[in-house]
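All of the numbers you see were taken from the coordinates with simple rules; none came from a lab. Here the structure is a predicted model, which is why all the values come from computation and not from measurement. Cβ sites come from the backbone with ideal geometry, for glycine too, and all protein chains shown count toward neighbours.
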Amino acid sequence: MAGFSLDFNEVFEGFEKIEDGTYEVIIEQVGEDATPSGAEFTNFQMVIRNDLDQPFKNQKIWHRNWKAKATNKYNMMMFNTIGKAAQLENGKTYNSFEELLNDYEGKPVQVFVQNETSEHNGKTYENLNVKSWKPTAFPNIQHQFKGKANSSNTNQAPEVTISDDELPW
């Protein structure tokens, strides 16, 4: 293995349990997923900002918005709530659901989270749940993403898909 070396300045140090409270976060990724039993949801992955004086910097918070089983549709109220907090454009029309989800990414918001215990199929779970969403109090983002090039612009370029027919060879 020529050219391989360890760097102990880049190690995973684990995460602490995030305490109940209000945190400034950046919405990192948003995408649809499903449980093994087929229940569909949209997952909002957030990171606690490291450019502000707050605990649990760089730790992740997730929020799931579930599709209703009866209608197989999302309750748009939650998307509107998060969109308002993320200061998306009111009344904007999106050409696809994916386009809407992409619009959330890179946006700063303020969330209030609470640790709660739930039970499902006889098992007890401890979950960190987002209880409220508000616009950020600190719109000037200086967060440094771990493992990514340092940049104050957190919006990511859209993924480009090129078919084999478009390639010159």
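So the values come out like this:
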quantity	calculated
Sum of side-chain charges, N127 neighbourhood, beta-carbon under 13 Å (Lys, Arg +1; Asp, Glu -1)	0
Sorted by Cβ density within 10 Å, fewest first, the residues F79, F15	F15, F79
Loop sites in the range 4-77: GluC sites (Glu not before Pro), DSSP, at most 14 other Cβ within 10 Å	E10, E13, E16, E19
Rg(Cα) / (2.2 N^0.38 Å) computed for the range 21-141, rounded to two decimals	1.10
Using a Förster distance of 30 Å, the FRET efficiency for Q144-S118 (Cβ separation, nearest 0.05)	0.30
DSSP-loop GluC sites (Glu not before Pro) across the range 62-151, with at most 10 other Cβ within 10 angstrom	E89
